[in-house]
Amino acid sequence: MSTATLTNLRDYLYGTLTPDNMLWLSSELADYAKKKVASPCRYTLQEMNSMLDKAEANFAAGRGIPNEEVWRDLEEEFAKEDALWDK
């Protein structure tokens, strides 16, 4: 992401977040960044195949959430957010 884009995002957040929200968000972002830098995930091909096998077995057993339901829930959440901004 460019510096200009990040600057615009920062300025937008300055205008929308409370100081408490800013402190919370900065802490969350810092913690997340430290985890990503400190421990990149690396898997062997065998580990990846095992994860895929488990996911396929769960899918075959009917466990999980259908794609349509996930998107419907997201759209409902977006609509709620939009309604808050429209007030």
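Within the stretch 9-30, residues that are among the hydroxyl-bearing types (Ser, Thr, Tyr) have Cβ atoms under 7 Å from residues that are open to solvent by less than 60 Å² (accessible area, probe 1.4 Å) in no pair, counting only partners at least 6 apart in sequence or on another chain. The residue that is modelled with the lowest pLDDT, among those in the stretch 46-87 that are basic (Lys, Arg) and in a helix (DSSP H, G or I), is Lys80.
In the stretch 11-50, the qualifying residues are those that are over 21 Å from the mean Cα position of the chain (by Cα) and among the hydrophobic types (A, V, I, L, M, F, W, C), and the one that is surrounded by the most Cβ atoms within 10 Å (Cβ to Cβ) is Met48. Scanning the stretch 1-58 for residues that are among the basic types (Lys, Arg) and over 23 Å from Trp85 (Cβ atoms) yields Lys34, Lys35, Lys36, Arg42, Lys54. Among the residues here, Leu84 does not qualify as under 24 Å from Leu6 (Cβ atoms) and not aromatic (Phe, Trp, Tyr). Entry remark, the stretch 51-87: residues being open to solvent by less than 100 Å² (accessible area, probe 1.4 Å) and acidic (Asp, Glu) number 7 in total.
The values are calculated or read from the model by the stated rules, or taken from the named source; none is laboratory data. Model, not experiment: these values are computed from the prediction. Positions of Cβ are backbone-derived with ideal geometry, glycine not excepted, and every protein chain shown enters the neighbour counts. To get the accessible areas, we keep the full protein, side chains included, count just its heavy atoms, and leave off ligands, DNA and RNA. Shrake-Rupley method; radii C 1.70, N 1.55, O 1.52, S 1.80 Å.
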